[in-house]
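The values are calculated or read from the model by the stated rules, or taken from the named source; none is laboratory data. Remember, it's a predicted structure, so these values are computed and weren't measured experimentally. Every residue, glycine as well, gets a Cβ built from its backbone with ideal geometry; the counts of neighbours run over all protein chains shown. Ligands, DNA and RNA are stripped out before the accessible areas are found, and what is left, the full protein with its side chains, is counted by its heavy atoms. Shrake-Rupley method; radii C 1.70, N 1.55, O 1.52, S 1.80 Å.
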Amino acid sequence: MTNLSRLGLLLLAMTSMLIMTTSCEEDAERFLSEAKDTDGDGVLDSADEAPNDPCLPLQQMAYTGFNVFNASWAGADCDGDGVTNGAEFEDKRRNPYLDENMQDADGDGVADFMDPEPNDPCVPLQEPGYLAFNSENELWGAADCDGDLVSNIDEFINGTDPYLACNLNFDQSNFLGELRTIDSINGEGITLGEIGTDCGVYVFNGGGIFNQGCFNDDVAIPFLFTPNDTDSSEGTITVDLTTYECLSEDGTETTQFTVSGNGTYQGELGRLELNYIMTTPDGEIEGTLNIRSLDDEGDEEEECTLDSFEGEYNTIITIDGNEDFGNALLTQQEDGCNDFVLSGDFLNLGCGNDFEINVFLGAEEDGSEIIIEDASFTCTLESGENIEYTFNAFGEYSPAEGFLQLNEFTLSDSNGNTSNGEIFFEFSNGNGEDGGEDEEGDDCAQNSFEGTYNTIVNTNGTERFGNASFTAGEGCGDFLLSGDFLNLGCGNTVEIEVFLGAEEDGAEIIIENASFTCTVDGTDTEYTFTAFGSYSPAEGFIELSEYTLTDAGGNQTTGSVFFESL
């Protein structure tokens, strides 16, 4: 073979080798390209619809084919929860393909993975004003996170805070919706109750609340409920000065009223009573408003079988076998069948002053215990000496047999001296007979004044308002005046004797040096009251045209009192 032939074969071989080498390199590059995963999502670029987007294609929450070491994948946030894939991979509570913030079984706004109690919408505890809850979640809606007996969803609907406890210890729906009103001046009406935005406030709406003939529905009176204590379903109500407009039936006239007052509520019964003062175009009036459910007709008054014990008594006191004799007066209190005031020198201590103690007669029909607990009183002797006493006693009574007896009493003075004994109460002559006639048997016109009154007290041109009760005594013209008639703020029962002259057409009222104790916030103040005035059965008025009130320090106040019958 010639050299030329050999050279040709060599060139052919080299060309073949070059072609084969180039083909292998291209195949290797093609292989490497097809096996590459640029974004680390576990899908080869050759099959990846978005090879530079680690979050495409979308994956299920159980997917684990990603490359955690890929910077592109680790820096992305495939579930859009604001936490990177890499950080979620490191936090074993999280999943880079699950937005944990969307998983909240109890609707409390705390993701289940962070919630210590994922099925308790009230855990973790939240501060008042918290708003991140899901009001559409049934678990959250049915719960009561502030423990005020109103569900979260009801508070949300009412506009109150489900995380701020206004615990009134009763079903607050008792004062919601249509309710019956009974006004002492205008009779019965209808109001619509709703929970107010402030804690403990109900708002009673509609022109029928005071039954004044208002034909507008935008009358709204807020009532603040304050429990007697943390566990009580009863308490006090307050209406701060509120002004409202009353629209006439034809819609042409409006009248402005202003009302304020205080009272009490019974939450479990759904009842409240407000004693109010209202300013009208004709002046100021006082009244009482009761609110209760539509089907609540109120309590039936039970007949009191203890009225017969009211009156004067002789007392027989036995101490260590020695008998002594005194006198007493039992006066039934207005607010309770079983509550009486015992006055007079029933222990025959030689007291020249009038003092009173409270007595409770048990409620059993056939009689029961008489209870007197830690009754304190001051006895003023003829010498002017004052002695402080504390009196405890128990005994029995019987309406059927008509007797009262303190089987055992303990009397202690301020020096620590103690006496023990018993007292029998014996009806005095004439007790229980008709006191409505005088000695000659003529009708006593003054008895028409027995009843309850509002009082208008005028001192140095300043008016204030109180309440009073006149109770007829044994003699025609003799009355017991009780109540805080001077509006001194007395929390105790104040009683003084009043005499109404016997003239048919009215005459003077005489009150001479009447002493009483006024208790305000636990502090006792002694007063002496002297007054005179006039009255008229025909015109139906009583007025003390001039009075003098003197306290123990010698300070004096003068003024006048007008009694307005209720």
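Being open to solvent by 50 Å² or more (accessible area, probe 1.4 Å), assigned by the TED database to the domain that holds Asp354 and either in contact with a helix residue (DSSP H, G or I) (Cβ under 8 Å, 6 or more places away or on another chain) or of a type outside the set (S, T, N, Q) (or both) is the requirement here; does Glu312 meet it? Outline the logic, then answer.
Working: open to solvent by 50 Å² or more (accessible area, probe 1.4 Å): yes; assigned by the TED database to the domain that holds Asp354: yes; either in contact with a helix residue (DSSP H, G or I) (Cβ under 8 Å, 6 or more places away or on another chain) or of a type outside the set (S, T, N, Q) (or both): yes.
So Glu312 fits the description; yes.
Conditions tested, residue by residue: (1) touching a Pro at 6+ places or on another chain (Cβ under 6 Å); (2) outside any loop (DSSP other than H, G, I, E, B); (3) closer than 21 Å to Asn275 by Cβ; (4) open to solvent by less than 80 Å² (accessible area, probe 1.4 Å).
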{"site": "Asn211", "(1), (2), (3), (4)": "no, no, yes, yes"}
{"site": "Phe225", "(1), (2), (3), (4)": "no, yes, yes, yes"}
{"site": "Asp231", "(1), (2), (3), (4)": "no, no, no, no"}
{"site": "Glu249", "(1), (2), (3), (4)": "no, no, no, no"}
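Which numbered condition in (1) farther than 17 Å from Phe346 by Cβ; (2) surrounded by 13 or more Cβ atoms within 10 Å (Cβ to Cβ) is the only one that Ala393 fails?
Among (1) farther than 17 Å from Phe346 by Cβ; (2) surrounded by 13 or more Cβ atoms within 10 Å (Cβ to Cβ), Ala393 violates only (1).
Report yes if some residue within the stretch 353-367 is touching an Asp or Glu at 6+ places or on another chain (Cβ under 6 Å), part of a strand (DSSP E or B), β-branched (Val, Ile, Thr) and crowded, with 16+ Cβ neighbours inside 10 Å; otherwise report no.
no
Tyr265 - would you say it is in the same structural domain as Glu284 (by the TED database), more than 16 Å from Thr288 (Cβ to Cβ) and aromatic (Phe, Trp, Tyr)?
Against the criterion (in the same structural domain as Glu284 (by the TED database), more than 16 Å from Thr288 (Cβ to Cβ) and aromatic (Phe, Trp, Tyr)), Tyr265 does not qualify.
Inside the stretch 373-387, can you point out the residues that are in a strand (DSSP E or B) and either of a type in the set (Val, Ile, Thr) or open to solvent by 90 Å² or more (accessible area, probe 1.4 Å) (or both)? It would help to see each step written out before you state the result.
Here is the first cut: in the stretch 373-387, the residues in a strand (DSSP E or B) are 373-380, 386-387.
The answer is Glu373, Asp374, Thr378, Thr380, Asn386, Ile387.
Show me the strands (runs of 3 or more DSSP E) entirely contained within the stretch 266-326 in which 3 or more residues are without any contact (Cβ under 8 Å) to a residue 40 or more places away in the chain. Talk me through it step by step, then tell me what you get.
On the way: elements: 271-280, 283-292, 311-319.
Result: 271-280.
Could you tell me whether any residue of the stretch 110-123 is under 25 Å from the mean Cα position of the chain (by Cα) and either modelled with pLDDT under 90 or open to solvent by 20 Å² or more (accessible area, probe 1.4 Å) (or both)?
Within the stretch 110-123, the subset under 25 Å from the mean Cα position of the chain (by Cα) is none.
Within the stretch 110-123 (the criterion being under 25 Å from the mean Cα position of the chain (by Cα) and either modelled with pLDDT under 90 or open to solvent by 20 Å² or more (accessible area, probe 1.4 Å) (or both)), the answer is no, since none of the residues qualifies.
Quick check on the stretch 83-108: of everything there that is assigned to a loop (DSSP other than H, G, I, E, B), modelled with pLDDT under 85 and open to solvent by 40 Å² or more (accessible area, probe 1.4 Å), which residue is farthest from Asp39 (Cα to Cα)?
Quick first cut of the stretch 83-108, residues assigned to a loop (DSSP other than H, G, I, E, B) only: 83-84, 91-94, 96-97, 99, 103-108.
Next, only the ones that are modelled with pLDDT under 85 stay: 92-93, 97, 99, 103.
Filter again for open to solvent by 40 Å² or more (accessible area, probe 1.4 Å), leaving 92-93, 103.
Numbers: Lys92: 23, Arg93: 24, Gln103: 28 Å.
This residue is Gln103.
Return only the number of the condition from (1) at pLDDT 95 or above; (2) at positive phi that Gly187 does not satisfy.
(1)
From the set of residues in the stretch 124-149 that are within 16 Å of Val110 (Cα to Cα) and assigned to a helix (DSSP H, G or I), which is most open to solvent (accessible area, probe 1.4 Å)?
Filtering first and then ranking leaves Glu138.
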